[in-house]
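A short reminder: the numbers here are calculations on the coordinates, not readings from a lab. The model shown is predicted, which means the values in this text are computed figures rather than measured ones. Here the Cβ positions follow ideal geometry from the backbone for every residue, glycine too, while neighbour counts run over all protein chains shown.
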Amino acid sequence: MTPVPANVPANPVFVALDTTDLDYALQLAERVRPHVGGLKLGLEFFTAHGPDGVRAFADAGLPVFLDLKFHDIPNTVAGACRAAAGLGVSIANVHAQGGAAMMRAGLDAVKSTNPATRLIAVTMLTSLSDSDLPAMGIGGSVGDQVLRLAALARESGLDGVVCSAHEIERLRREMGRDFLLVVPGIRPAGAALGDQQRVMGPKEARDAGAGVLVIGRPITAAPDPVLAARDIAQSLGISAG
Ligand code: C5P
């Protein structure tokens, strides 16, 4: 098993609160809080509730991954990253396809605002497959492009990348042990796949070298989200904190 980098929460599970219903999200966060290591708030939530919506989770006392995937000119991304880090989030992200100058501008803005915020990159969206690449002017496979963009993110100083479970081993091998791998598409045995195609169990992904496991519907859509979160934590050998 690859050692987990020291800068990763003991419980690697960040529950994805993909909703526009603020009260529901707050209640859910409060209920699953003892069994998860953090919360992930994305475009759906942020477009509805903005920075005040993020601040509303302060009382939950959990690290927040603000998954807004910035992709714009360096000056604009720097401004957005400064604002995200100013909210005190634990993880923010940008698209690696914005290029090295954009990633460095975002990173400088984050670290000068809140050195504790980690900035990671999205490489290729997992909704893309090899057959989509020629039309986008990209040669090679999705796997090759993921590796190229992850290397660019690391050279630009970023703290890690979002990747699919099946990219963990290769990225861990090529990027070294301190590069944070944040992994969605996690499904405990028996959970519905939903629209995720290539999934992995929580323990399998953690043991392969994932630092953060982003888990949404297997917790949020479970008949009992608290029980589901507790079972996932237990499968990772973690008891309620
Ligand atoms: O419900 P589920 O566990 O599939 O949720 C996964 C979360 O991770 C969602 O918030 C989704 O937007 C996000 N995500 C993903 N695949 C990516 C990047 C992010 O599923 N490549």
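Tabulated results
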quantity	calculated
Karplus (6.51, -1.76, 1.60) ³J(HN,Hα), θ = phi - 60°, over segment 52-67, in Hz, Gly and Pro reported as x	4, x, 5, 4, 4, 8, 4, 5, 5, x, 10, x, 10, 9, 8, 9
Gain on full stretching of the segment that runs from Ala83 to Glu174 - 0.36 nm per residue minus C-alpha separation	29.6 nm
Computed E for Asp52/Asp130 - FRET, C-beta separation, R0 45 angstrom, nearest 0.05	0.60
Among His35, Leu128, Met175 - extreme Cα towards positive end, dipole of the chain, charges at beta-carbon	Met175
Student exercise, the chain dipole from Lys, Arg, Asp, Glu Cβ charges, in Debye to nearest 20	520 debye
Cut-off under 5 Å, modelled amide H: who pairs with Lys69 long-range	Asn93
Choice from Gly194, Gly86, Gly53 showing the highest fluctuation, given a GNM over the chain with Cα pairs closer than 10 Å	Gly194
Of Leu26, Leu213, Leu17, the one that fluctuates the most in a GNM where the chain has Cα springs shorter than 10 Å	Leu26
Alpha-carbon centroids, segment 58-106 and segment 181-241: separation in whole Å	25 Å
Within straight-line cross-link reach of Lys203, lysines at Cα separation under 21 Å, skipping those fewer than 8 residues along the same chain	Lys40
Top of Ala16, Ala135, Ala208 by mean-square fluctuation, Gaussian network on the chain, Cα under 10 Å	Ala135
Per-residue [θ]222 nm for the chain (sum of -39500 (n - 2.57) over DSSP H runs n ≥ 4, rounded to 500)	-12000 deg cm²/dmol
Pair-distance profile P(r), taking every C-alpha pair of the chain, with 5 angstrom steps and integer %	1, 7, 15, 18, 20, 18, 13, 6, 2, 0
